[in-house]
Amino acid sequence: MASAGSFASIIKKRQKDWDCPELMSRATADTGKKLPFSSPLLNWCTYGGIPRDAYTEFFGAPGGGKSTTSVDICKNAIATFRTEYQQQLEEYRKLVDSGKKEYQGPYEDLQDRGPQKVLYVDLENSFDLKWACTLGISKSDIVDDDSVLNIMSVPNVAAEEVLQTVMDVMETGEVGLVILDSIPSLVPRQELEKQMGERTVASLAGCLTVFFRKVIPLLKRYHCTLLAINQIRDNMDNPYVTKTPGGNAPKFYASMRMEFRIGKPVDAFGNELPMNTEDPAGYLVNAKLVKQKTAPSDRRMGTYYLMFDGGIRPDFDYAKLAVNKYQFIRKTGGWFTMCDPYTGEILETESGAPVKVHGMPRVYQYLKENEQYYASIRKYITEDLNGEDHVAEQVVESDDELEDYTSAAV
């Protein structure tokens with residue numbers, strides 16, 4: 001009986017046959033890379049954001065914040081891809097300048113390609129450019145010829161064609177994030193060819209089962225992240241268990257699943273209002289982490305403030321984390337005392353009195369007016385979320401401003 005060859009020779013042959021040099025790299029791959037949210041509370045809940053090179057599902061009731069959160073992910077992905085592009089371009093340039101001419105070709109190819117793109121597949125035809133700009137996306141990123149965020153408004157075509165197009169785009173290596181909005185809007189060919197009233201059985205579920213089996217290996221190979229938005233349906237068997245369209249494949253293949261629900265209305269200072277308030281300034285958006293495969297699952301709930309005039313308010317989130325989790329803004333009754341996040345020392349005015357304010361709205365106002373202290377809080381929390389060492393920076397405040405602010409708070 002002929003020998004099958006050594007382990008190394010078999011793997012080497014398969015790498016060549018399958019055109020997959022990274023065939024055995026999964027065990028040593030960096031699975032901790034994330035695309036962050038703008039909300040520090042969601043980043044804290046998810047240990048940094050949604051996993052890269054993997055599939056994430058957002059689902060929930062209508063108006064729960066799914067699409068808004070997805071657009072926010074787009075904004076941060078654009079910034080991330082541009083930073084990575086500049087870093088890689090600089091690395092290639094240094095190699096070329098050092099005399100390694102074999103990198104001249106990849107350097108020029110990278111220049112021609114530009115940063116990785118974002119593809120937003122708008123199956124619901126509901127993408128709002130004005131709202132996207134309110135959330136922080138530049139209009140030029142969408143409408144320019146070399147736009148980074150590409151919106152695909154899908155006509156009345158079969159789901160199979162849409163999903164095949166998504167996979168074809170991924171295989172170019174030019175796209176770093178694909179958002180599918182939304183799964184129930186996909187119409188399989190079997191349904192598309194039937195008349196109104198004619199029934200089909202599990203056609204969408206069968207279509208998605210094949211799609212996810214094919215697309216999951218592509219995500220890692222071509223360094224692309226897939227984010228799909230799903231809805232919920234009434235469960236006649238058990239009203240307490242959430243049911244989503246598309247069968248079980250979207251659940252099984254997801255590395256992360258988050259359920260979004262709209263929370264209480266809030267005023268301009270982040271104070272919660274009664275549910276029947278007619279003119280709120282915004283809402284709390286509640287996100288429940290249903291499935292997490294890329295980080296510990298000890299954080300199950302995240303919340304962020306969504307304001308109608310300014311989008312997501314990260315300063316509210318940083319203040320909440322500083323008070324409730326890190327305690328470098330110490331709460332005593334209705335009073336809040338400011339402390340240095342790195343040393344824990346209480347900030348003092350020129351007269352030696354502690355810097356403290358009354359009520360959370362005053363905390364938000366204090367952070368807005370004292371940018372350096374707010375920057376130190378952001379830096380500390382971001383370092384903690386990213387698992388980095390804390391390097392203290394001196395916080396210098398204006399004593400006159402602190403005196404006036406503390407007096408005003410009293």
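The values are calculated or read from the model by the stated rules, or taken from the named source; none is laboratory data. All values derive from a computational prediction rather than experimental measurement. All Cβ positions, glycine included, derive from the backbone under ideal geometry; neighbour counts span all protein chains shown. Surface areas here come from the heavy atoms of the whole protein model, side chains and all, with no ligands, DNA or RNA. Shrake-Rupley method; radii C 1.70, N 1.55, O 1.52, S 1.80 Å.
Condition test on S67, is it in contact with an Asp or Glu (Cβ under 8 Å, 6 or more places away or on another chain), touching a residue at least 40 places away in the same chain (Cβ under 8 Å) and in a helix (DSSP H, G or I)? Spell out the reasoning first.
On the way: in contact with an Asp or Glu (Cβ under 8 Å, 6 or more places away or on another chain): yes; touching a residue at least 40 places away in the same chain (Cβ under 8 Å): yes; in a helix (DSSP H, G or I): yes.
Yes, satisfied.
There is no residue in segment 47-62 that is modelled with pLDDT under 90, among the aliphatic types (A, V, I, L, M) and on the phi < 0 side of the Ramachandran plot. Restricting segment 225-236 to residues that are without any contact (Cβ under 8 Å) to a residue 24 or more places away in the chain and either touching a His at 6+ places or on another chain (Cβ under 8 Å) or assigned to a loop (DSSP other than H, G, I, E, B) (or both) leaves a set whose member that is most open to solvent (accessible area, probe 1.4 Å) is M236. Given the structure, is D30 of a type in the set (D, E) and either modelled with pLDDT of 85 or more or closer than 30 Å to L306 by Cα (or both)? Taking the combined requirement at face value, the residue does not satisfy it. Of the residues that make up segment 82-98, is at least one at pLDDT 90 or above and not in a helix (DSSP H, G or I)? Yes, that holds for at least one residue.
Scanning segment 242-256 for residues that are open to solvent by less than 60 Å² (accessible area, probe 1.4 Å), in a loop (DSSP other than H, G, I, E, B) and under 24 Å from S203 (Cβ atoms) yields T242, T244, P245, G246, G247, A254. Beta carbons closer than 6 Å, at least 6 apart along the sequence or on distinct chains, pair a first residue in segment 267-293 that is under 28 Å from S255 (Cβ atoms) and in contact (Cβ under 8 Å) with a residue 24 or more places away in the chain with a second that is open to solvent by less than 60 Å² (accessible area, probe 1.4 Å) and polar (S, T, N, Q) for N286/T303; K293/S255. Among the residues that make up segment 44-62, is at least one of them aliphatic (A, V, I, L, M) and open to solvent by less than 10 Å² (accessible area, probe 1.4 Å)? So far as segment 44-62 goes, yes, one or more of its residues are aliphatic (A, V, I, L, M) and open to solvent by less than 10 Å² (accessible area, probe 1.4 Å). Residues that are within 26 Å of V154 (Cβ to Cβ) and of a type in the set (F, W, Y): does segment 106-116 have at least one? No, that holds for no residue.
Residue under question is A254, and the condition is that it be on the phi < 0 side of the Ramachandran plot, touching a helix residue (DSSP H, G or I) at 6+ places or on another chain (Cβ under 7 Å), of a type in the set (G, A, S) and in contact (Cβ under 8 Å) with a residue 12 or more places away in the chain; does it hold? Criteria not met by A254. Inspection of segment 190-210 identifies no residue that is basic (K, R) and at pLDDT 90 or above.
In the list P239, P274, P280, which residue meets the criterion of being open to solvent by 50 Å² or more (accessible area, probe 1.4 Å), in contact with a strand residue (DSSP E or B) (Cβ under 8 Å, 6 or more places away or on another chain), farther than 30 Å from I216 by Cβ and in a loop (DSSP other than H, G, I, E, B)? Lay out the reasoning, then the answer.
Numbers: P239 fails: in contact with a strand residue (DSSP E or B) (Cβ under 8 Å, 6 or more places away or on another chain); P280 fails: open to solvent by 50 Å² or more (accessible area, probe 1.4 Å).
Only one candidate qualifies: P274.
Within segment 76-96, the residues that satisfy the criterion of being out of contact with any helix residue (DSSP H, G or I) (no Cβ under 8 Å at 6 or more places or on another chain) and closer than 12 Å to V118 by Cα are N76, A77, A79, T80, F81, R82. Among the conditions (1) assigned to a helix (DSSP H, G or I); (2) open to solvent by less than 60 Å² (accessible area, probe 1.4 Å), the only one that E102 does not satisfy is (2).
Can you name every one of the helices (runs of 4 or more DSSP H) wholly within segment 114-209 that holds 1 or more residues which are open to solvent by less than 10 Å² (accessible area, probe 1.4 Å), touching a residue at least 40 places away in the same chain (Cβ under 8 Å) and out of contact with any Lys or Arg (no Cβ under 9 Å at 6 or more places or on another chain)? Break it down stepwise before answering.
Working: elements: 129-134, 140-143, 159-170, 189-192.
Per the criteria, 159-170.
Yes or no, residue by residue, for (1) touching a residue at least 40 places away in the same chain (Cβ under 8 Å); (2) in a loop (DSSP other than H, G, I, E, B); (3) in contact with a strand residue (DSSP E or B) (Cβ under 7 Å, 6 or more places away or on another chain); (4) open to solvent by less than 10 Å² (accessible area, probe 1.4 Å):
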{"residue": "P296", "(1), (2), (3), (4)": "yes, yes, no, no"}
{"residue": "G302", "(1), (2), (3), (4)": "yes, no, yes, yes"}
{"residue": "L306", "(1), (2), (3), (4)": "yes, no, yes, no"}
{"residue": "Y318", "(1), (2), (3), (4)": "yes, no, no, no"}
{"residue": "V323", "(1), (2), (3), (4)": "yes, no, yes, no"}
{"residue": "Q327", "(1), (2), (3), (4)": "no, yes, no, no"}
{"residue": "M338", "(1), (2), (3), (4)": "no, no, yes, yes"}
{"residue": "Y342", "(1), (2), (3), (4)": "yes, yes, no, no"}
{"residue": "G352", "(1), (2), (3), (4)": "no, yes, no, no"}
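Taken as a whole, the condition of being free of Cβ contacts under 8 Å to residues at least 60 places away in the same chain, under 30 Å from G49 (Cβ atoms) and of a type outside the set (S, T, Y) does not apply to E102.
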